[in-house]
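Contents: one structure, followed by commentary.
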Amino acid sequence: MKEATAKAKLLLQMPPVLKERQHTNTVLEANTSLHAHHDEKYVFTDITFGISDRANTSLHAHHDEKYVFTDITFGISDRKRTISVRDTDGTLRAASWEERDRMNQIYNPAPGRNVVLPKLFDEENLKSALVRKEYEFILDSVCVQCEPDSSVYQRVCSGVYNAIDTHHHHHTLHSTRHYGPMCFYLAWHQRIDSLLVSLIQEERLSDAADIVFLYQLIHKDSKSAKLNIDPSQHMQFIKGYIEEDCLQRAQVQLALQAYQDLQQQRQQHQHNVNTAHGL
Amino acid sequence: MPLKMLRSVGQRVTRLLPVVCPTTHMAKAAVRVIEGRSVTKVLYGVGRIQGITTCKTMRCEVAEEEEGEGEKKEDNIPPEKNRRQIIPVETSIKYMQSDAYKTTYGDEPVWVKYRRNFKGGLPPTKTRKTCIRDGILATGNPCPVCRDEFLVVEYRNLELIKQFISPFNGAVLPPLKTNICQKQHRRLLVAVNKARDYGLLTYDVPHRHYDYSEYYQPQQQDGTTEAGR
C-alpha cells in the first residue's frame, strides 16, 4: 500500500508552470577563431546535405554551412547544456530555443519526444482533439514533447484549459497531475467560478475553499483577501469570495444554496429515520 | 522445316515472331495444321517444334501486329481479382458503417474469421510478401485486407486500424496473429503512427518526471535557472 502511494505520488507530480521563455540573441564571439574549451567535450557535426562521410572539413571560415556545437558531457541536464552555433559569417552565438530543443533530442533522446513537433499541436488537429475531449492525452503529450516554458507548451495548455472551462469539463482532470496547473491558470486569469460551481455540485467544499485560497494568494490585493475569514470555515470563506470578487455571482450562489438545501434535507431525513427507530 | 510445311498448306504466319495465336481464325487453322497427322509424323520424327510457341504474352503481340483485333490485357483479368481501381478512403470509411460490412464481418475484427493456408502444424514466421501484384490478386487465398477491396488502410480510417491494435496493451498486433501480408502490415504501421501523430488515436504517453531544481531555485533572484550558454 505504501509502495502504491509512493508510486502514485510520483505519477501525480505537477508539471512546472513557468513564464514563456524569451528569445535572446547572445553573441559569444564575433570573430572567426574558435577558442579551446578544456573542460567539456564538444561534438562538431557538419550536417550539410550532400557531403560524404569521408570529406575532410576544416573549421575555418569561408564555408557555406552553419555548425552547431553541442556539449554532450554525461550528467548535464538539457536545460543547462551549452549549445552554440557558428553562422556562415563567422559569428559564434548561443543557439536559439528551437535549435536547443532539436539538439537535445538528437544527442539525448527522451522517451516519447520527437525532433519534429507532432501534428497534434497544429491548430486544426488540436481543435478536433479538444472536441473529442482528449484533454489528458493532449496535456501528457505536450509535457513529454516540450519544455514548460516553450511557446508551444503554453499555447496548447491554455487552449486545453480554456476548452475545459468553457464546457465545464473540470472533472476530467481531477486526480491527474494537470489539475494543479489548471487551477493555477484559472486563478491567474480570474476564472475560477465555473470550477467552483462544479466542485460545490460534487460536494467538495474543502477543495472549493482551497481554490479560493489559491486565488487570494495570487491576487493579494483582492477584496475577499482583506476580509481575513478563516479558510477552514469553508462555507463562510467561499461566501466571502462570492460577495466580493466573484464574476458569475448568481451561478455560484445558486450552487451553494442548492448544496445547503441538500444538506438540510439529509439532516431532516436522518432525524426522521432516528425518530422512527425510536432513537 | 515446320514453317515451310505450313506455307505449303497455304497458311501465312508472320516471320518476325514465329508465334501461333490460337484465337485468330488463321492461327486456329495453323494449329489444326500442326495437329494434323501428316505434319505430326514428320514433326515427331524431327524433334520438338522450333520457333513456334503458344505463350500467352507472345500470342497477344502477334494478334496486335496481325490484325489489330484481339484482346487487351485488362479484359483478361477476372473481375473478382481485379484491384486496379483505387478506392478512396472516404468510401472505405462509409463502407465500415454500411450493412454490407455488417453482414460480412459482424462485430468482429476483419481478420478473425480468416484462415491462413500453410503446410504443417506451425505457420511460417512471416506471412506472404504481398497478395496483389500489378493490380491483380496473385493468390487464391488473399489476406483479410486484400481480399476486400473496400478495406483501405489509411490513417483516417480509424475503424479499420483499431481492429489491428491489441485492446490489452495498445500495441499493433503481429502479422502472424492477423495473417495480413507483409506489404499491408507495413502500410498499417505507417497508418497507425500517422494517426497517433495527428492525435486521432490515443495511446499511453510515457510519464515525464521533472526535477524541480532545474526550474525553480529560490536562492536566485529570478525564479528560473537560465539555460547555460
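Here are some notes:
- Count, lysine Cα pairs under 30 Å in chain A, 8 or more residues apart or across chains: 24
- Note on A:Lys133 and A:Thr91: their simple-model spin labels are 5.1 nm apart, each label 7 Å out from Cα toward Cβ.
- Separation of segment A:246-264 and segment B:87-133, taken as the distance between their Cα centroids, equals 57 angstrom.
- Estimated 222 nm signal from helices in chain A, with DSSP H stretches of n ≥ 4 weighted -39500 (n - 2.57), rounded to 500: -15500 deg cm²/dmol
- As a proxy for reagent exposure, B:Glu80, A:Glu136 were ordered by neighbouring Cβ count within 10 angstrom, fewest first; the result is B:Glu80, A:Glu136.
- Prolate/oblate/rounded label for chain A (Cα gyration tensor, a/c 1.5): prolate
- A simple spin-label model places pseudo-atoms 7 Å from Cα toward Cβ; at A:Asp221 and A:Ala8 they are separated by 4.2 nm.
- For segment A:125-275, the relative contact order works out to 17 percent when only alpha carbon pairs closer than 8 Å and six or more residues apart are counted.
Taken together, the values in this text are just the output of simple stated rules run on the coordinates, not laboratory data. Computed from a predicted model, the values in this text were never measured in an experiment. We place every Cβ from the backbone using ideal geometry, glycine too, and count neighbours over all the protein chains shown.
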